[in-house]
1. Out of B:Leu34, B:Leu83, I need the residue that is more than 11 Å from B:Val102 (Cβ to Cβ) and more than 10 Å from every other protein chain (Cβ to nearest Cβ). Which one?
2. Within the range B:319-349, how many residues turn out to be charged (D, E, K, R) and at the interface with another protein chain (Cβ under 10 Å from one of its Cβ atoms)?
3. Taking into account only those residues within the range B:86-109 that are touching a helix residue (DSSP H, G or I) at 6+ places or on another chain (Cβ under 8 Å) and over 19 Å from B:Thr52 (Cβ atoms), which is nearest to the other protein chains (Cβ to nearest Cβ)?
4. So, in the range B:496-528, of the ones that are more than 29 Å from B:Asp460 (Cβ to Cβ) and of a type in the set (S, T, N, Q), which residue ends up farthest from the other protein chains (Cβ to nearest Cβ)?
5. Quick one: in the range A:303-318, of everything that is surrounded by fewer than 24 Cβ atoms within 10 Å (Cβ to Cβ) and at the interface with chain B (Cβ under 7 Å from one of its Cβ atoms), which residue is farthest from A:Leu366 (Cα to Cα)?
6. When you look at A:Asp76, is it modelled with pLDDT of 90 or more, part of a loop (DSSP other than H, G, I, E, B), touching a strand residue (DSSP E or B) at 6+ places or on another chain (Cβ under 8 Å) and assigned by TED's automatic domain parsing to the domain that holds A:Asp103, yes or no?
7. Can you tell which of B:Lys133, B:Lys113 is assigned by TED's automatic domain parsing to the domain that holds B:Asn36 and under 28 Å from B:Val60 (Cα atoms)?
8. Within the range B:177-200, does at least one residue satisfy the condition of being aliphatic (A, V, I, L, M), touching a strand residue (DSSP E or B) at 6+ places or on another chain (Cβ under 6 Å), surrounded by 11 or more Cβ atoms within 10 Å (Cβ to Cβ) and free of Cβ contacts under 8 Å to residues at least 40 places away in the same chain?
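The values are calculated or read from the model by the stated rules, or taken from the named source; none is laboratory data. In this text, all values refer to a predicted model and were calculated from it rather than measured experimentally. Backbone-built Cβ (ideal geometry, glycine too); neighbour counts: all protein chains shown. Just the protein is used for accessible areas: all its heavy atoms, side chains included, with ligands, DNA and RNA removed. Shrake-Rupley method; radii C 1.70, N 1.55, O 1.52, S 1.80 Å.
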Protein chains: 2
Amino acid sequence: MVAAPLHDRRPSPINDRYSASSHFLNQPAWAVQLANLCWIYDNNKITIEGATSLAFSEDVRARFAGYGWAVRHVSDANDLAALGASFDAFRAETERPTLIVVDSIIGYGSPNKAGTHSAHGEPLGVEEVEATKRFYGWPENETFLVPPEVADHVGGGMRERGGGLRRDWEALIAGYVAEYPEQAEQLNHMQRRTLPEGWDADIPGFPADAKGVAGRDANGKVLNAVARRVPWLVGGSADLAPSNKSRMTFDGAGDFSAADRAGRNLHFGVREHAAAAVANGLALSKLRAYQAGFLIFSDFQRGALRLSALMELPLIHVYTHDSIGVGEDGPTHQPIEHLASIRAMPGMIDIRPGDANEVAEAWRALMPIRHEPVALMLSRQPLPTLDRERYASAAGVARGAYVLADPPSGAPEVILIATGSEVAMTVDAYERLIADGIRARVVSMPSMKLFDEQPRSYRDEVLPPSIMARVSVEKGSTFGWDRWVGPTGAIIGMSTFGASAPLKVLQAKFGFTVENIVATARTQLGLEHEANPPGVTLETSESAETLAQ
Amino acid sequence: MVAAPLHDRRPSPINDRYSASSHFLNQPAWAVQLANLCWIYDNNKITIEGATSLAFSEDVRARFAGYGWAVRHVSDANDLAALGASFDAFRAETERPTLIVVDSIIGYGSPNKAGTHSAHGEPLGVEEVEATKRFYGWPENETFLVPPEVADHVGGGMRERGGGLRRDWEALIAGYVAEYPEQAEQLNHMQRRTLPEGWDADIPGFPADAKGVAGRDANGKVLNAVARRVPWLVGGSADLAPSNKSRMTFDGAGDFSAADRAGRNLHFGVREHAAAAVANGLALSKLRAYQAGFLIFSDFQRGALRLSALMELPLIHVYTHDSIGVGEDGPTHQPIEHLASIRAMPGMIDIRPGDANEVAEAWRALMPIRHEPVALMLSRQPLPTLDRERYASAAGVARGAYVLADPPSGAPEVILIATGSEVAMTVDAYERLIADGIRARVVSMPSMKLFDEQPRSYRDEVLPPSIMARVSVEKGSTFGWDRWVGPTGAIIGMSTFGASAPLKVLQAKFGFTVENIVATARTQLGLEHEANPPGVTLETSESAETLAQ
């Protein structure tokens, strides 16, 4: 899509003292032979607690050689000739990323603190600063001194050189626009984070279907429909694409590799953190990027996830296997607190669609977003596709929550609020309540964050303050639901970890059944009902009893 | 403390396909020369998305050699002689951990799926299972077959051998108890997770002090007071001990190293995940363990943090620098969503003490806990030490929340709820309100989880349902606070990331000031008041307006 000269080779020196991220990131870099990547390892042998030898004894050069990187060593950070030779060698490298290990002395020039950890964590102090200035032959009593040579250098050489480079660049761009008008328009969209006309024309509608479609499958279809029309949409998985269905499968999508730089599917390997961190980098480069995994593994990405929000990157985090719905895989693979953890993060938009058409509408809502990342939570198991002639249009997803079903006549007396895989069973509970003459409303709430951003009038329309009989249903932590059910409402959610069993068994164990939703709604209205299913006690906002094991 | 023969050398084979955790954990292992650690790397070259070569091209043996491990290679997983020789070499190793790379074929024996990724992610299917049985010379039509030789082997050799080993072990223990009664009693405490008499006798009380003590400093003092009396309390930091004050500094505490196995301070290096994961292992071995870091870095530990809760380990996670209170370090170092993320996790107990005496009481409350991890959130900045003769005793920490101050006469009309570093300013606001004739109550709420576990009667005593004029004050995400302030209460909290500025500036910017708390309380009561500080709009549970930037 993009001609090569616009994205020229340039060194990307990174001072990396965090050996952990160095491990996470270097493998993908090597696997795709990013020869224009150079890391400079500032080897000063000091950490906050003291010498690195306290807890670090590896041969970094041997490790990176093991990764397949070109490795160079400069034994003195002040040896400019050796540094220059290393940079030249990096520029000449065409097949491998480069690591340059530079041995240095922290606080160099400070007579009493050089090479010690106090030079890392503490100010030098007035006397030591003076002593250091003496070492450098710098005027001792001057502060914030900018010698005239520096001003000359910046004002003269650098400014001129920069001006020339800028003019060259602008000429290159102008030529490119003239020669490749179509690609130039794409670059323009990328740069402004806008979308081409008709970008959503292929998004499918899904017919009503009681058996339904898994969230992950619906998402795969919609992602592919969008990606075909947005050529700069790229992404991949940390070794889970066959399972989370995040692969772009249309002709020409291809696999990004050393041999195919135009491939749009990225293979991150079993490296969740790298997946999110690399996706951040793609988004910073103005590509529209997604990274996909199981929701439980978002735990390994929290740092990068947070940075996507802090940097206001419109990244798409696709998280499938979003609840105890994964069944037999058990508690280690069943996210519980993750929905709350994502919703509590500033600037991160949560969307947990309730059926295939809500998945489609989620993409319609998220693609135009320019400054916020989205976490899209999807089921592994099939979800019935609701009959949208009988119930409200899924277009309500864009507002975060919407009235999906209301009583055939009269004002609602109890509100059932559900998200994701719990919407369909909540609709079933609604049908039972209606049949019993109870005026129930169902609110589908795919996004707390988008709903919170709506004007007060709309929120009060969906959740009228006068109706305090409320039940929420979500296979996630109860934490945070009080906001929507109020002090007397009931929360059907998780206050323990999950368990390993078939989904139906877990649903009964944890109270995610039509019977329990009906019974809870009746209790909210002060009506009698059958006893709760065995083993289930409801957590209500009022009583805060925990779910029985 | 513990004599060597009880903790004998034994192989710890780990099948590790996750190269990320292999990097995190191998360094600490090598740095302390854990020669009795052996990892077996099942090198089948297959991941879920296909061959490992898609995203993985490192020389694992070269990498581990770089870490300083002893590395061995078995080129055929079916070569029992070569495997045996490798195990023998491991047993003979005395200075380094061992990695054995074993080349294998996934689905070995399956004629059509061996060596492919479908052997990883899918069932073989009936026909292929039969074909595989043919390959092994196994009866094709038998299912769940246990040949008599297996039963004989288990019933005979293994049972007898196990019985003998068990008897030897019991004799060893009996001898140990006789010879080392004091240490045996310690082992007994460890095994039952109980505490020696007088374990809390040295916990200091802190006198009232307007200037006060930083949460991290108070914690360092209390930790040391407890650790001196509980010899099996061990822990450390991921290169932050000088900053989070988590070091045990008394005589004999020492540093755990290859040379000193009795040292109790662990140096994890810059490896947050490893810190929490290793601490899990220490707790599983029945040591009482803590790991300490900045709260923001808990993001890198989520997986291990969750496992501490899932495994019901009484681990102590010490998190300092717990809010925007870190000031100039800016948004990348200011936790916002972390308090909510920790509270949403099942089984994880949150404690955020409000002053030095609440830190002391937090330790009194957490040390007896046997099955739940605790996350202890502490300030970097000094917190005034409240006058406990004027205000209620800090012993209320054990119940999660308690009435810290009440009107001199009459029932309260507005409740101010605060945690951690916001308690003192909330008490100041209370004093102003009382001076203005407003009957305010202050509730200190160091632990939502512990408070939620109290009986309804106590919770209603602290937060009477009839008093709905409420204000919460916490420098963390507003997410989750609706539970305590109710639908009409006001939440003074964070709904954006922080900013880089001195603490006082940030407090004014985000509304954490005595003036704002007073004004918000007055609004709750429908009283007039001075306009809000410039730039601050309150988020109330009712209006959900976001905090102005």
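1. On the way: B:Leu83 fails: more than 11 Å from B:Val102 (Cβ to Cβ).
Just one listed residue meets the conditions, B:Leu34.
2. Applying the first criterion (charged (D, E, K, R)) to the range B:319-349 yields B:322, B:328-329, B:337, B:343.
Imposing the further condition that a residue be at the interface with another protein chain (Cβ under 10 Å from one of its Cβ atoms) reduces the set to B:337, B:343.
Going through the range B:319-349 one residue at a time, the tally reaches 2.
3. Kept after step one, since they are touching a helix residue (DSSP H, G or I) at 6+ places or on another chain (Cβ under 8 Å), are these residues of the range B:86-109: B:96-102, B:106-107, B:109.
Of the ones still in play, those that are also over 19 Å from B:Thr52 (Cβ atoms) are B:96-98, B:109.
Numbers: B:Arg96: 10, B:Pro97: 12, B:Thr98: 16, B:Gly109: 23 Å.
Ranking the candidates gives B:Arg96 first.
4. So, considering only residues that are more than 29 Å from B:Asp460 (Cβ to Cβ) and of a type in the set (S, T, N, Q), the one farthest from the other protein chains (Cβ to nearest Cβ) is B:Thr513.
5. Result: A:Gly303.
6. On the way: modelled with pLDDT of 90 or more: yes; part of a loop (DSSP other than H, G, I, E, B): yes; touching a strand residue (DSSP E or B) at 6+ places or on another chain (Cβ under 8 Å): yes; assigned by TED's automatic domain parsing to the domain that holds A:Asp103: yes.
So A:Asp76 passes the test.
7. B:Lys113 is the lone residue from the list that is assigned by TED's automatic domain parsing to the domain that holds B:Asn36 and under 28 Å from B:Val60 (Cα atoms).
8. At the first step, the residues of the range B:177-200 found to be aliphatic (A, V, I, L, M) are B:177-178, B:184, B:187, B:190, B:195.
Then drop every residue that is not touching a strand residue (DSSP E or B) at 6+ places or on another chain (Cβ under 6 Å), which leaves none.
No: the range B:177-200 contains no residue that is aliphatic (A, V, I, L, M), touching a strand residue (DSSP E or B) at 6+ places or on another chain (Cβ under 6 Å), surrounded by 11 or more Cβ atoms within 10 Å (Cβ to Cβ) and free of Cβ contacts under 8 Å to residues at least 40 places away in the same chain.
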